[in-house]
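> Sharing a structure below in structure tokens format, with a few things to ask.
The values are calculated or read from the model by the stated rules, or taken from the named source; none is laboratory data. As the structure is a prediction and not an experimental result, all values here were calculated from the model. Note: ideal-geometry Cβ built from the backbone for every residue, glycine included; neighbour counts use all protein chains shown. Ligands, DNA and RNA are stripped out before the accessible areas are found, and what is left, the full protein with its side chains, is counted by its heavy atoms. Shrake-Rupley method; radii C 1.70, N 1.55, O 1.52, S 1.80 Å.
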Amino acid sequence: MTETREIEVGDAGKSADEAGARGRRRQVLVALLCLGLSAVAVVPFFFMGQSESGGGALELRMPTTHDMFLHFDQMKSFYNGLAAGEVYPRWEEDTNRGFGAPTTSYYPPGIYYLTAACFAFARDWLRALVGAHLVMMIASAAALYFYARETMGRAAATASMATYIFLPYHLADLYQRGAIAELLGFIWMPMMLRFADRLLKAPRAEDPARAATSGSSLLGVAGLALSYGAFVWSHPPTAFQFTLGFGVYVLVLSLIGRQWKRLPVIVLALALGIGVSAVYLGPAAIEQNLIHKEFIFETWPYHKTYIFVHDLYSADFYGGFFKLLDWIWITGTIVIAGAALVLLWFKRQTLADLPVLHRRVAAWVIVGGLASFMMTKASMPVGKLIPKIEIGVFTWRMLSITTLVVALLAGAFVEAAIAARREGRRSERLLFTSIFLVVLVGSVIFSAIAVIRPVASYSTFEPEQEHINYATIPITAPADPEELPVDTPPAELADENGGVSVEEWKPEHRVVRAELTSDDQLLLRTFNFPGWTATVDGREVPIRTAEELGDMEIDLVAGSHTVELDFLDTPARRYGRVTTLVSLGLVFGLGCAGFARRFKRGRVSASA
């Protein structure tokens, strides 16, 4: 009898080992598929565009896109700041004809940390961009996959992942817009949903292997805080818009699962996420009156950027780009509406065996439908009631939300097809499989024809001769930087009573030697912006703002002087930095406590 039991235990152990090996092989296949599909989506972009030099087809290059001229210069300036020893570079020295700009006090720096890391490895900016885009696509696909696995099997989650990669708005951000900061946001949306599910104690798909590794609420709080903070660091407009959808998602799941008591925990995690981003978000909000902030809102008023409303631009602006957005909205909305009709119609049949997925489908459809509605002019009365909604300019950025929802619904169709096959309902299986194929194949064809193919005729990207940034001009400077002089020396004397020499000129630290035969004013080609501090021979002196150009003037007496300029923290920047450090410390502590709990729970389970 004992011998028989030992044989049975041995067979069970062998079966478990074989199942584990199969699971690992499948994980490897999914990882390879994620890498392969991401490369297929990204790499062709860097061999497109019409080169004037007549370079070969395999010459590494990229086509001209809407925003890359801005990002290309800013990521180089940011790297120069890091190379100069700044942990958070805030001042661009070469922008606006050398007068500079406090760009990353107002534009989120997240994407530039990534491009700087890629450049440090590749030592070439074009190759750095290839690496950064691959990292973003792979990470966003993986994040979507792991969130989908909470409620779907491996096949359905893989289907969601593939759809997410090839949906047209996701690729339009790469191929036509060059919106690399917004692309980074595709990583954080599914991650936020995943951690919210954990905090809501939302039901998950039956999978003992994954249930054993389930994290505690402490890990959920830490994960949601980091994801949300990273989203704000990446792209505040889409982060703001997704926050609205995320709030609806959480409320819907709370209502369905009666988990109202968990809502304060999610609010706490979001607040902690804002704390994580405070080093950027605090100064950007508190010091917004120090720049010509009206440029963004007057140039692109939020309520004139609805789908089908493009009166800000001519009909042929960007080669029909806005018509492309209209069609992306139409197709995405059709899929969301179709999911509402088809999947919810069969809830008492096929989805009866998938109650966990059914709840998510309801939440996804509601969030996706809300996003589609908020992109239309009909939503204006509602939108005007939402405080600060203009932060999300443009309204059509919400296509990132519908992209996420459509990808998840594609996986839901596959999961429903698998369930129908298991129950022997052939007609439903064919229906759900056909709908999924229409979504996936249709996305690939749409993206190839309407998003990617036109880019082949674009000219090859060439950096601009000078970087002009209208959005972060100090309020004391000319609103139009094109009025600034071109060849002004970095430092000179107003009345030329002596000579000056620049000994050091870093983005946020400058050293100038001055030899004066009589009293004079030192003129410095740098906007006088709060944070700049001057010392003459080691003693702090006041800096005056020139009336005409908004640059710096420092009074000097006759003699030899060493003038040092440093761009230091203002109270708002200092408080933001402290808040971020404290918040990161709390997140780290919560994460460590959560892993300790998981480890302890695992040991107790093993001993039992």
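> Give me the number: length gained by fully extending ASP326 to THR535, i.e. 0.36 nm times residue separation minus the C-alpha to C-alpha distance, one decimal in nm. Don't skip to the end; give the middle numbers.
Values: separation 209, 0.36 × 209 = 75.24 nm, distance 5.59 nm.
Gain in length upon complete extension: 69.6 nm.
> So what is the relative contact order of the chain, in percent, for Cα pairs below 8 Å that sit 6 or more residues apart?
Relative contact order, the chain: 20 percent.
> Sticking with this one: Got a sec to turn the phi values of the stretch 107-116 into Karplus ³J(HN,Hα) couplings, 6.51 cos²θ - 1.76 cosθ + 1.60 with θ = phi - 60°, whole Hz, x for Gly and Pro?
9, x, x, x, 5, 6, 5, 5, 5, 5
> What's the FRET efficiency of LEU268 with ARG574 using the Cβ-Cβ distance as r and R₀ = 30 Å, to the nearest 0.05? Mind showing how you got there, number by number?
Details: r = 25 Å, r/R0 = 0.83.
So the FRET efficiency works out to roughly 0.75.
> Still on this structure: Provide the per-residue ³J(HN,Hα) series for the stretch 134-142, in order, calculated from phi with Karplus coefficients 6.51, -1.76, 1.60 and θ = phi - 60°, each as a whole number of Hz, with x at glycine and proline positions.
5, 4, 5, 5, 5, 5, 5, 5, 5
> Something else about it: List the residues, sorted by chain then number, that are 5 or more residues from TRP505 or on another chain and whose placed amide H is less than 5 Å from its amide H.
Sorted by chain and number, the residues that satisfy this are VAL511.
> Could you tell me how far the Cα centroid of the stretch 354-384 sits from the Cα centroid of the stretch 136-204, in Å?
Each part reduced to its Cα centre gives a spacing of 17 Å.
> Would you list PHE186, PHE121 from the most to the least accessible area, probe 1.4 Å? Write out the running numbers ahead of the final one.
Working: PHE186 0, PHE121 185 Å².
So the residues, ranked largest to smallest area, are PHE121, PHE186.
> Taking H as built 1.01 Å from N, whose amide H comes closer than 5 Å to the amide H of GLY178, not counting residues under 5 places away?
Hits under the 5 Å cutoff: HIS66, ASP67.
> Now a separate question. Given R₀ = 41 Å, FRET efficiency for ALA84-VAL582 by Cβ-Cβ distance, to 0.05? Working shown, then result.
Working: r = 27 Å, r/R0 = 0.65.
According to the calculation, E is roughly 0.95.
> Determine the gain in length on full extension of the stretch SER518-GLU547; use 0.36 nm per residue of separation and subtract their C-alpha separation, reporting nm with one decimal. Provide the component values of the computation, followed by the final result.
Values: separation 29, 0.36 × 29 = 10.44 nm, distance 2.37 nm.
Roughly 8.1 nm would be gained on extension.
> Excluding MET136 itself, what net charge comes from residues whose Cβ is under 13 Å from its Cβ, given Lys and Arg +1 and Asp and Glu -1? Write out the running numbers ahead of the final one.
Working: positive: none; negative: ASP173, GLU182.
Combined, the nearby Lys, Arg, Asp and Glu give -2.
> Rounded if a/c is under 1.5, else prolate if a/b is larger than b/c, else oblate: which is the stretch 527-608, with a ≥ b ≥ c the root eigenvalues of its Cα gyration tensor?
Details: a/c = 7.36, a/b = 4.01, b/c = 1.84.
Taking the square roots of the gyration eigenvalues as a ≥ b ≥ c, the stretch 527-608 is prolate.
> For the chain, what does -39500 (n - 2.57) per DSSP helix run (n ≥ 4), summed and divided by total residues, give at 222 nm, in deg cm²/dmol to the nearest 500?
Working: 19 runs with 337 residues, N = 608.
Helix contribution divided over all residues of the chain: -18500 deg cm²/dmol.
> Gain in length, HIS509 to GLU464, computed as 0.36 nm per residue apart minus the alpha-carbon separation, to one decimal in nm?
Values: separation 45, 0.36 × 45 = 16.20 nm, distance 2.57 nm.
Contour length minus Cα-Cα distance gives 13.6 nm.
> How far apart, in nm, are the 7 Å Cα→Cβ label points at ALA285 and PHE595?
Distance between label points: 3.1 nm.
> Once you mark the GluC sites (Glu not before Pro) that are in a DSSP loop and have at most 11 other Cβ atoms within 10 Å, what is the longest gap between them in the chain?
On the way: sites that count: GLU52, GLU206, GLU464, GLU496, GLU547, GLU548.
My reading of the result: 207-463 is the longest stretch.
> Same structure, new question: A 31 angstrom limit on the alpha carbon distance is what I want to check against. Which of LYS261/LYS388; LYS76/LYS377; LYS76/LYS304 exceed it? It would help to have the intermediate numbers written out before the result.
On the way: LYS261/LYS388 28 Å; LYS76/LYS377 39 Å; LYS76/LYS304 33 Å.
Over 31 Å apart, Cα to Cα: LYS76/LYS377; LYS76/LYS304.
> In sequence order, what are the phi-derived ³J(HN,Hα) couplings for the stretch 38-44 according to the Karplus relation 6.51 cos²θ - 1.76 cosθ + 1.60 with θ = phi - 60°, rounded to whole Hz, with x for glycine and proline?
For the stretch 38-44, the Karplus curve yields 5, 5, 4, 6, 9, 4, x Hz.
> Next question. When only the heavy atoms of the protein chains count and the probe is 1.4 Å, how do SER77, SER277 rank by accessible area, highest first?
SER77, SER277
> Same structure, new question: Could you check the simple spin-label distance between PHE308 and ALA456, using points 7 Å along Cα→Cβ, in nm with one decimal?
So the two model labels end up 3.3 nm from each other.
> Now, a different point. Between rounded, prolate and oblate, where does the stretch 344-457 land on the alpha carbon gyration tensor, with a ≥ b ≥ c its root eigenvalues, rounded for a/c under 1.5, else prolate if a/b exceeds b/c? Display every interim value, and only then the final one.
Values: a/c = 3.52, a/b = 1.44, b/c = 2.44.
Oblate shape, in that a/c is at least 1.5 and b/c is the bigger or equal ratio.
> Positive end of the dipole of the chain, charges at C-beta (+1 Lys, Arg; -1 Asp, Glu), about the Cα centre: which of SER427, GLY368, LEU404 has its Cα farthest in that direction?
SER427
> Within 14 Å, Cβ to Cβ, of LEU408, how many net charges do the neighbouring residues add up to if Lys/Arg are +1 and Asp/Glu are -1? Mind dumping the intermediate values first?
On the way: positive: ARG149, ARG194, ARG359, ARG360; negative: GLU150, ASP197, GLU415.
Taking every Cβ under 14 Å from that of LEU408, the sum is +1.
> Per residue, what accessible area does the chain have, given a 1.4 Å probe and all protein chains present, in Å²? Write down the numbers at each step before the final one.
Values: 27520 Å² over 608 residues.
About 45 Å² of surface per residue is accessible.
> Let a ≥ b ≥ c be the square roots of the eigenvalues of the Cα gyration tensor of the stretch 78-128; is it rounded (a/c under 1.5), or, if not, prolate (a/b larger than b/c) or oblate? Mind dumping the intermediate values first?
Numbers: a/c = 1.91, a/b = 1.60, b/c = 1.19.
Taking the square roots of the gyration eigenvalues as a ≥ b ≥ c, the stretch 78-128 is prolate.
> What label, among (i) 1.10; (ii) 0.98; (iii) 1.54, belongs to Cα Rg over 2.2 N^0.38 Å computed from the structure on display?
Among (i) 1.10; (ii) 0.98; (iii) 1.54, the one calculated here is (i).
> Next question, about the same structure. Using only protein heavy atoms and a 1.4 Å probe, report how much of LYS201 is accessible, in Å² to the nearest 10.
110
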